[in-house]
Amino acid sequence: MSATPDPGEDRRAAAWRIAGAVTDPEIPVLTIADLGVLRDVRVGDGPVEVDITPTYCGCPAMNMIAVEIELALEKAGFGRPKVNTVLQPAWTTDWMSEDGRAKLKDYGIAPPPKGGGRRALFGVDTVPCPQCGSIDTGVIADFGSTACKALWRCNACREPFDYFKCH
Amino acid sequence: MTSIRVAETPLVLYILRRADDALVLGHRLSEWCGRAPMMEEEMALANMGLDLIGQARALYTYAGEVEAQGHDEDALAYRRDERGYKNLLLVEQGNGDFARTMLRQFLYAAYADPYWRAMTTSRDATLAAIAAKAEKEMAYHLRHSAEWMIRLGDGTAESRARLERALATLWPFTGELFEIDTLDREVIDDGIGVDPDSVRDTWTATVADILARATLTMPADGYMQKGGRNGRHSEHLGHLLTELQYLQRTIPGATW
């Protein structure tokens, strides 16, 4: 992501910063850079090209994210930007930045544990409450308000909370 | 709008068979919208349906690319006739009650979860990438539906009776999960497709374990229904497609 003295790279860094600042419409505190959804930005002689990768196969936010990237780049003077969806390598919650995890927690959503993979999908037995920090919590529903979240409850402060599922 | 003809090479057909499973089951789950027995299940059914429709979109898009006749995901979903659909008969069966819907989900997820996991090592990079997402999604579907099997089977007399009825109804559709023909065989031998026989033991072990915990008896394998993989369907698929395709057939190319 760091800019190099190459003049082409400066434009790329700018495009990356602008595209990366687009937020997830479902979780507005997270940018697509935080999520790890932004995979590549290419600037050449033609229009800027941006690669994004879907979180879940059926995530309805992806279409909106693509449109918002185009709008943001056009507004910044990048003409006719093109957004591609790439499937490889497959997105995992491990790509979420530390900054993103902290922002999620502040927003009241328990972040996914690090170390994805199949074991982590089901190995989670403690999810600290994002409100009070207690680990005396339990699952209410495995499928929450969006594809990426489950609904949990804290037995200490009695607050329900969303948990960003490991993927 | 006129139907399209798909150039069914072995690989195109192989991808379409998996895409059709995902779309038809996803559509079935969407029929629960606003009708689930409780809010949490409303969300769960919709989320699982969304996962499946997402998998279908990725697979249709890829099938269209491989076919290279200019068919996108919408053309493949909305403009093929019933006979052109190659899904398992299991996934097109009607929702029935909640027990039957959850059993159908369980029987499919117990199959799709190891199936997609095996596909992650496919020589075909796109299928491997789609599989890497799908296997995680199906693992959640499997866990969720398995929990319901136990709760319903080992629940009240009513919930148990309903699940037993569902088991008797759906079991004859499970044989088709492991059916392959020479076209599939070609794709499997190329190192691209997955031989369903390689996940049969896993499927059987999962189903046996969960049914035992649900205090239910695993049915004996009797006559098994098949035909879906070749476009010969039960009476249910036509009704489903009528609803699914109505808009695009009536107002071709409609967008919003």
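Every number in this text was worked out from the coordinates using simple rules, so none of it is lab data. Treat the numbers as computed from the prediction; the structure is a model and nothing was measured. We place every Cβ from the backbone using ideal geometry, glycine too, and count neighbours over all the protein chains shown.
Under 5 Å between amide hydrogens, built in the peptide plane, is the criterion, and for residue A:83 it picks out A:50 among residues at least 5 positions away or on other chains. Beyond 33 Å, the tail of the calculated P(r) for segment B:10-250 holds 13 percent of the Cα pairs.
Rounded to the nearest whole Hz, the Karplus-based 3J(HN,Hα) values (6.51 cos²θ - 1.76 cosθ + 1.60, θ = phi - 60°) of segment B:17-24 follow the sequence 4, 6, 5, 5, 3, 5, 5, 5, with x at glycine and proline.
Under the definition of partner shielding as Cβ atoms of other protein chains within 10 Å of a residue Cβ, what is the mean value for peptide B:127-139?
Rounded to a whole number, the mean comes out at 5.
Shown for B:73, B:158, B:8: other C-beta atoms within 10 Å of each C-beta, ranked fewest to most, produce the order B:158, B:8, B:73.
Decide, for segment A:31-78, between rounded, prolate and oblate: order the square roots of the alpha carbon gyration tensor eigenvalues as a ≥ b ≥ c, take rounded if a/c falls under 1.5, and otherwise choose prolate if a/b is larger than b/c, else oblate.
Prolate, because a/c is 1.5 or more and a/b exceeds b/c.
If R0 is 51 Å, the Cβ-Cβ spacing of residue B:125 and residue A:131 corresponds to a FRET efficiency of close to 0.75. In order along segment A:20-27, phi translates into HN-Hα couplings of x, 7, 5, 9, 6, x, 8, 10 Hz, rounded to whole numbers, per the Karplus curve 6.51 cos²θ - 1.76 cosθ + 1.60 with θ = phi - 60° and x for Gly and Pro. Across peptide B:55-61, the mean count of Cβ atoms from other chains lying within 10 Å of each residue's own Cβ comes to 2. Using C-alpha pairs below 8 Å separated by at least 6 residues, the relative contact order for segment B:10-250 is 26 percent. At full extension, residue B:254 and residue B:226 could sit 6.6 nm farther apart than now, given 0.36 nm per residue minus the alpha carbon distance. Evaluated with a Cβ-only charge set (Lys, Arg +1; Asp, Glu -1), chain B carries a dipole of roughly 360 debye about its Cα centre, given to the nearest 20.
Cα-Cα over 23 Å: which of B:86/B:226; A:103/A:165; A:103/A:149; A:114/B:133; A:103/B:136; A:105/A:149?
Values: B:86/B:226 11 Å; A:103/A:165 16 Å; A:103/A:149 16 Å; A:114/B:133 17 Å; A:103/B:136 25 Å; A:105/A:149 13 Å.
In this structure, A:103/B:136 exceed 23 Å between Cα atoms.
Only one residue of A:27, A:60, A:71 has its Cα farthest out toward the positive end of the dipole of segment A:7-85, where Lys and Arg carry +1 and Asp and Glu -1 on Cβ, and that residue is A:71. When segment A:96-164 is described by a simple charge dipole with +1 on each Lys and Arg Cβ and -1 on each Asp and Glu Cβ, the residue from A:143, A:129, A:161 located farthest towards its positive end is A:143.
The H on the amide N of residue A:161, modeled in the peptide plane, is under 5 Å from the matching H of A:152, A:153, A:154, each at least 5 residues off or on a different chain. Under the criterion of Cα pairs below 8 Å and six or more residues apart, the relative contact order for chain A equals 17 percent.
Ranked for footprinting exposure by Cβ neighbours inside 10 Å, fewest first, A:157, A:129, B:33, A:59 give B:33, A:157, A:59, A:129. Modelled this way, with points 7 Å down the Cα-to-C-beta line, the labels at residue B:242 and residue A:80 are 4.6 nm from one another.
With a ≥ b ≥ c the root eigenvalues of the C-alpha gyration tensor of the protein assembly as shown, is it rounded (a/c under 1.5), prolate (a/b larger than b/c) or oblate? It comes out oblate by the Cα gyration axes. In plain terms, the chain from residue B:208 to residue B:39 could stretch by 57.9 nm, reckoned as 0.36 nm per residue minus the Cα-Cα distance. A Förster distance of 41 Å, applied to the separation of the beta-carbon atoms of residue B:95 and residue A:94, puts the FRET efficiency at 0.70.
Note on A:55-64: average number of Cβ atoms from other chains within 10 Å of each residue's Cβ is 5. Rounded to 0.05, the FRET efficiency of the residue A:71 and residue B:81 pair, given R0 = 56 Å and the Cβ-Cβ distance, is 0.90.
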